[in-house]
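The values are calculated or read from the model by the stated rules, or taken from the named source; none is laboratory data. All of these numbers come straight from a predicted model, not from anything done at the bench. Quick reminder, even Gly has a Cβ in these numbers, built from the backbone with ideal geometry, and neighbours come from all protein chains shown. We work out accessible area using only protein heavy atoms, side chains counted, and drop any ligands, DNA or RNA first. Shrake-Rupley method; radii C 1.70, N 1.55, O 1.52, S 1.80 Å.
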Amino acid sequence: MTLSLNEYITAFTQEKHQTSLSQFGRGIEREALRVLPQGGLSERPHSERLGSALTHPNITTDYSETLMEFITPVSYKPETVIAQLEDVQKFTLSQLDGELLWPMSMPCFVDDDDKIPLAQFGKSNIGRMKTVYRQGLKNRYGSMMQVISGIHFNFSFPKSFFQSLQTIEKNTDDIDDYTSDKYFALLRNYKRFCWLIPYLYGSSPAICGSFLKNKPTDLPFKKTEKGYLYLEYATSLRMSDLGYTNSEQSSLQICYNNLSGYLDGVKNAINLPSKKFEKIGIKVDGKYQQLNSNVLQIENELYAPVRPKCVAKAGEKPSEALNNRGVEYIEVRALDVNPFSATGITVEQVRFLDIFLTFCMLETSPILDCKAQATSEENMDAVVVRGRDPSLLLRDITTGSAEENSAEEKSVQQWGGEIFAQMAGVATLLDQANDSKLYSQVLAAEAAKINDASLTPSAQILAAVVDENQSLTKMALTKAVDYRQQLLANDYQEFNEEYFIESVTDSLRKNAAIEASDKVDFDSFLQDYFS
């Protein structure tokens, strides 16, 4: 029995269901380039004072040695997850000898792709595999794309939430299967409505000219007097064809209608050969150039604005974990780094995501066919390059079909206003469950951006860079210096220095143990991994 959004909201106002709405699990992964005070990319390797990038639970690297990644554990209050992120960055900055964390998604000035060093994870087979994977990314897409930074927001509902849903729906399915089905309903709605994320939070409408060096593009860039490239109505160039997209993946049909179909799509993608990538070679002159020549080397190469996730056990691939235990949480990947926040994301953003994801869970979610999914992706593509254009029209897929007669063209203001009107009841519900007015306040602040595009961060950045002719680099460096001083001056809140010192030592010990435990050569390890 499926109910309407308002019927679910009414049912959840009962006291016995309220507790599950105050126990959302949240975790954040924040990426940030290490840069020098002058604005150039740091060429120093990842510091041993920060522990092993392979095994440290909170501090690691992403594509490059200079692209930091900060990871918080799961927490259950918005304030807690932000405080944890502040603590992790405070400790990191204390070990960086004056280096700064670049506060924007698009990279600083980089004069040569080859000066972007691949991340190193030690001598173990799994560590070497991680570096070879990154070598493959470099050969496939170039290094510049791989030093773009973002925020990944991990979110889960407690088991009690799904138990309440089952009670409300009078559903008797296996709880794990039911949970996965409900998460996929959320994912389908997220695909329909996720254009809101770059509109509200996109912070990369302009780029340094060095980013496009020798790279063709059809985007109609304009240039500021200081040489920065921008699109007049862009919100998130990070999410455009310049950033985390992959033309080879455009042919993939990975649907979000159920777990088994999703896993089949991922499996097919991993095993799908690519003639383009085959030309690179796998092992050339004794050196690995990529893990394999398929469209995806491994599952992590699947670029998507959201992913279903399950915590993997030792030796498990992500899809194996999903197949074995179902969906445990989702990973939202459409967020730019917020340059107006020391942590790259604010507590207000976390609360809005609580509202948005709960809305996506409770709103009616028809099956999403391939055409409808493609239409949703076209909406996303349009918003990232011209989301603030008053003439932009999006196609609202109100059913699972993308046929012309079921897709109404709407402006951002019209469709956004309709979605926000629906989310108002969810915000009130979360306020009631958390004894707060903060959710309704956050929703009202974000709704103002729908009605006035000048309030969006992308518009604010362009106002400074274009209208006021400010230097984007100087603006970013000023913020980086301020944030460094701010974070170092703050006291630890959720962790302490002793915790970080111990975690550094422990991570180095674990890395050494992994290296000592390898029993086969690297070629055999890879063969076993992909068998």
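Descriptive notes on the structure:
- The local environment of R484, defined by Cβ-Cβ distances under 10 Å, has a net charge of 0 under the rule Lys, Arg +1 and Asp, Glu -1.
- Per residue accessible area of region 401-466, 1.4 Å probe, in Å²: 44
- Using the 1.4 Å probe convention, the accessible area of region 176-230 works out to 37 Å² per residue with neighbouring protein chains retained.
- Furthest towards positive pole of dipole, V383, C255, L302, structure part the chain, Cβ charges: L302
- For region 424-466, the residues whose amide N sits under 19 Å from a probe point set 7 Å from the Cα of Q414 along the beta carbon direction are 450-453.
- Annotation: lysines with alpha-carbon distance below 16 angstrom to K371 (same-chain offsets under eight excluded): K191.
- Expressed as a whole percent, the accessible surface of region 119-236 that belongs to carbon and sulfur atoms is 45, based on a 1.4 Å probe.
- Relative contact order, percent, the chain [alpha-carbon distance under 8 Å, six or more residues apart]: 23
- Taking a sphere under 12 Å around the Cβ of L362 and counting the other residues whose Cβ falls inside, with K and R at +1 and D and E at -1, yields a net charge of -2.
- Between amide H atoms placed 1.01 Å from N, distances below 5 Å from T61 occur with E69, all of them 5 or more places distant or on a separate chain.
- If a spin label sat at a point 7 angstrom from the Cα of R509 along the line to its beta carbon, the backbone N atoms of region 45-67 nearer than 15 Å would be those of 51-52, 55-57.
- For region 1-103, with all protein chains in place and a probe radius of 1.4 Å, 49% of the accessible heavy-atom surface sits on carbon or sulfur.
- I501 paired with I126, simple spin-label distance in nm, labels 7 Å along Cα-to-beta-carbon: 2.8
- The residue among P73, G39, G27 whose Cα reaches farthest toward the positive pole of the charge dipole of the chain, with charges on the beta-carbon of Lys, Arg, Asp and Glu, is G39.
- Mean Cα-pair separation over length for region 117-257, i.e. relative contact order, pairs under 8 Å, 6 or more apart, %: 20
- Pairs spanning more than 19 Å between alpha-carbon atoms, out of K138/K267; K138/K213; K213/K279: K138/K267; K213/K279.
- Label-point separation, F522 to N469 (7 Å along Cα→Cβ), nm: 5.2
- Global geometry of region 109-213, whether rounded, prolate or oblate, following the gyration tensor of its Cα atoms and the 1.5 cut on a/c: oblate
- Only Cα pairs under 8 Å and 6+ residues apart enter the sum, and on that basis the relative contact order of region 420-470 stands at 21 percent.
- Full extension of the chain between R325 and C370 gives 13.6 nm of extra length, using 0.36 nm per residue less the Cα-Cα distance.
- Apportionment of accessible area to carbon and sulfur, region 318-469, percent (1.4 Å): 49
- Cβ-placed point charges (K, R +1; D, E -1), dipole of the chain about Cα centre in debye, nearest 20: 860
- The mean accessible area for residues of region 2-123, using a 1.4 Å probe and ignoring ligands and nucleic acids, is 37 Å² per residue.
- Pairs of Lys in region 1-135 closer than 24 Å at Cα, counting only those 8 or more apart or on different chains: 4
- Computed from the C-beta positions of D111 and Q460 and an R0 of 35 Å, the FRET efficiency is 0.80 to the nearest 0.05.
- Sites Y529 and E48 - FRET efficiency at Förster radius 41 Å, r taken between beta-carbons, to 0.05: 0.90
- Set of aspartates and glutamates with alpha-carbon distance to K215 below 18 Å, sequence-local pairs under 8 removed: D111, D112, D113, D114, D241, E248
- In the chain, taking the dipole from charged Cβ atoms about the Cα centre, the farthest positive-side position among S507, N154, F211 is held by F211.
- Sorting the segments 493-502, 261-270, 51-60 by their residues' average number of neighbouring beta-carbon atoms within 10 angstrom, most packed first, yields 51-60, 261-270, 493-502.
- Span from the region 341-373 Cα centroid across to the region 1-78 one, whole angstrom: 15
- Subtracting the Cα-Cα distance of Q441 and E377 from 0.36 nm times their residue separation leaves 20.1 nm of extension gain.
- For the residues T19, T235, a 1.4 Å probe over the protein chains yields an accessible-area ranking, largest first, of T19, T235.
- Modelled label reach - I282, point 7 Å along Cα→Cβ, region 488-528 residues with backbone N closer than 15 Å: 522-528
- Under-5 Å amide H pairs with S411, H placed in peptide plane, nonlocal only: L394
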